[in-house]
Amino acid sequence: MTIDQIAAKVRAGERVAADEALELYRRAPTALLGRLADSVRARKHPGGLVTYIIDRNVNYTNVCVAKCNFCAFYRPVGSAEGYVLGFDEIFTKIDETIAVGGVQLLLQGGHNPDLPLSWYEDLFRAVKARYPTFKLHALSPPEVIHISRLSQLPVATVIDRLIAAGLDSVPGGGAEILVDRVRKLLHCYGKATADEWLDVMRHAHRAGLRTTATMMYGTVETDEERLEHLLRLRALQEETGGFTAFITWSYQPDHTELAGSEATGIDYLRTLALARIVLDNFDNLQASWVTQGGKVGQLSLAFGANDMGSVMIEENVVRAAGASYCMDEVEIVRNIEDAGFVAKRRNMHYEILGDPIFREREVPRMLELATARADGDQTVPEELRLYPARSRTAKQERRQEN
Ligand code: SF4
């Protein structure tokens, strides 16, 4: 099929096959790819609405045994730079989030062997007791698998227990590329195979949760593997309908073991447009301005994105790999409106909550990103002592304390 014939299929709302999608990605002019993705966005979101959410991206621990080679965020067990946030620190972050109109935490962290399932359950219950309507978009599939292995309980049981404690939604992190050849090369096959990642989402959807899906591209994958990732997500969405949104970003190489260079802005826009065309059963695509910067983030709205993601109050993971972009609500709305769209606040289910909150009441500007912990803060939360230590380092520390 020629590019024109495939483009006609997309305009007619027909599903594209793998070889057609690959042909578009490799050979269609960038402007055409953008126009096609934009036509799909406009069909799904008439009226020019572009949404965003006010939430906070909190990383409860940076201690991780997975050691993915593309990650600059984690610290090994026993590292002086390792941390676990205390429940009180997390409550303070929620208070600050609510003060700027926030409605949820995106809560993710490393695979810390000293945090058992009961730590997560106690945290979620404590959050819900204090903030009954505040939402927890928490624990990506590899974290759920890690907790399942630690507790020797099936994934479905772990999800049910986390839901009972207050889990509202599962973020789609840790997907990287859902092809096991790539996962082995990125040292993330052990934390979750492609099937295991998808299976956590399948269980979460069956348990009634809505979740997101992500893709980190630009490491060692081929074009075909990038596409296979999208096709696997499309197939699971066909089966469960549980994904609310898709977010893609490029690998951030600074301070990582894998190193290398970052994909370009054009590759990002082409990949985003391809995703919009292939993921015809996903309603929402986010712009990843956190990795691409505000200007490419704004351009994403012409390449298939209909959502600007989250107001950034705190960021730790991407910053560790060298990128540190900050936009508060005023900036996000300025970018949306300047691109010709209507800005609306939403919740995790992409339901419209209203107009920008700063137009309704005074909210503090957030022009600098907060971090999980101040540099050099090595305090250990009091409540951690309530949970049995599992790592050798933590056991030794407990013995020295006693
Ligand atoms: S990407 Fe996540 S699982 Fe992998 S090393 Fe970093 S924190 Fe650990």
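For the range 185-204, the criterion of being more than 19 Å from the chain's Cα centre (by Cα) and more than 16 Å from the ligand (Cβ to nearest atom) is met by no residue.
If you filter the range 22-37 down to residues that are in contact (Cβ under 8 Å) with a residue 40 or more places away in the chain and over 17 Å from LEU301 (Cβ atoms), you find that the one that is surrounded by the fewest Cβ atoms within 10 Å (Cβ to Cβ) is ARG26. Can you tell me which residue among VAL40, VAL10, VAL16, VAL50 is within 30 Å of LEU136 (Cα to Cα) and touching a residue at least 12 places away in the same chain (Cβ under 8 Å)? It is VAL50. Taking the criterion of being part of a loop (DSSP other than H, G, I, E, B) and open to solvent by 60 Å² or more (accessible area, probe 1.4 Å), the only residue of the range 189-207 that qualifies is TYR189. Before we move on, is ALA7 surrounded by 13 or more Cβ atoms within 10 Å (Cβ to Cβ) and among the small types (Gly, Ala, Ser)? Against the criterion (surrounded by 13 or more Cβ atoms within 10 Å (Cβ to Cβ) and among the small types (Gly, Ala, Ser)), ALA7 qualifies. Of all residues in the range 377-384, at least one satisfies being assigned to a helix (DSSP H, G or I), open to solvent by 20 Å² or more (accessible area, probe 1.4 Å), of a type outside the set (A, V, I, L, M) and under 27 Å from ASP88 (Cβ atoms).
Restricting the range 56-70 to residues that are part of a strand (DSSP E or B) and open to solvent by less than 10 Å² (accessible area, probe 1.4 Å), the residue that is farthest from the ligand (Cβ to nearest atom) is ARG56.
Candidates in the range 239-269 are the residues that are charged (D, E, K, R) and within 20 Å of the chain's Cα centre (by Cα); of these, the one that is least open to solvent (accessible area, probe 1.4 Å) is ASP267.
The sole residue among ALA320, ALA302, ALA275, ALA287 that is over 27 Å from ARG11 (Cβ atoms), of a type outside the set (S, T, N, Q) and either in contact (Cβ under 8 Å) with a residue 40 or more places away in the chain or buried (at least 24 other Cβ atoms within 10 Å of the Cβ) (or both) is ALA320. Scanning the range 118-132 turns up one or more residues that are free of Cβ contacts under 8 Å to residues at least 24 places away in the same chain and over 25 Å from ARG392 (Cβ atoms). In this structure, PRO29 qualifies as modelled with pLDDT of 95 or more and either under 28 Å from ALA339 (Cα atoms) or within 25 Å of the chain's Cα centre (by Cα) (or both). Among what's in the range 71-107 and is part of a loop (DSSP other than H, G, I, E, B) and touching a Ser or Thr at 6+ places or on another chain (Cβ under 6 Å), pick the residue that is nearest to the ligand (Cβ to nearest atom). Result: ALA72. Of all residues in the range 216-231, those being within 14 Å of the ligand (Cβ to nearest atom) and open to solvent by less than 20 Å² (accessible area, probe 1.4 Å) number 1.
The values are calculated or read from the model by the stated rules, or taken from the named source; none is laboratory data. This one's a predicted model, so the numbers in the text were calculated from it and none came from an experiment. With ideal geometry, Cβ positions are generated from the backbone for all residues, glycine too; neighbour counts draw on all protein chains shown. In case anyone asks, the SASA skips ligands and DNA or RNA and just uses the protein heavy atoms, side chains included. Shrake-Rupley method; radii C 1.70, N 1.55, O 1.52, S 1.80 Å.
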